[in-house]
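We did not get these values from a lab; they are worked out from the coordinates using the rules stated. Everything numeric in this text was worked out from a predicted model, so none of it was measured. Here Cβ is always computed from backbone atoms with ideal geometry, including for glycine, and neighbour counts include all displayed protein chains.
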Amino acid sequence: MAKGFGGMGNLLKQAQELQTRMAQAQEELARKTVEAAAGGGMVRVTVNGQLGLSSIQIDSAVVNPQETEMLQDLVLAAVNEGLRRAREMAAEEMGKITGGLKIPGLTP
């Protein structure tokens, strides 16, 4: 029976190590960014690995009061592409830790 507890202790140690590595990966993801653009680069966004929008850059050529809908569409497209890329980056980074095992709620 004591042998079983030794195995359990090892399993708990491995779980704690995994938890530590995952926390470190989350911190690293907060520092990593991806960029996306729309409208041929007229609207650019930067998103971090925790799906936080870091910056939006809009070329002055697309700032026209008569075409606000177009600008809104470009911003929306760029943000959505940035979020998609950030999710991919986060999944790739977490996959390195989990060995590709999909753990619900682990990645944004």
Can you give the FRET efficiency for Ala61 and Glu27, using 1/(1 + (r/R0)^6), R0 = 30 Å, r = Cβ-Cβ distance, to the nearest 0.05? 0.20
What number, rounded to the nearest 500 deg cm²/dmol, is the helix-based mean residue ellipticity at 222 nm of the chain, given -39500 (n - 2.57) per DSSP H run of at least four residues and division by all its residues? -20500 deg cm²/dmol
Shape box of segment 2-98 [Cα atoms, principal axes, largest first, Å]: 77, 17, 16
Round to the nearest 10 and give me the degree value, 0 to 90, for the angle of helix 68-98's Cα axis relative to the longest principal axis of the chain. 20 degrees
Among residues other than Gly39 whose Cβ falls under 10 Å from its Cβ, what is the net charge (Lys/Arg +1, Asp/Glu -1)? -1
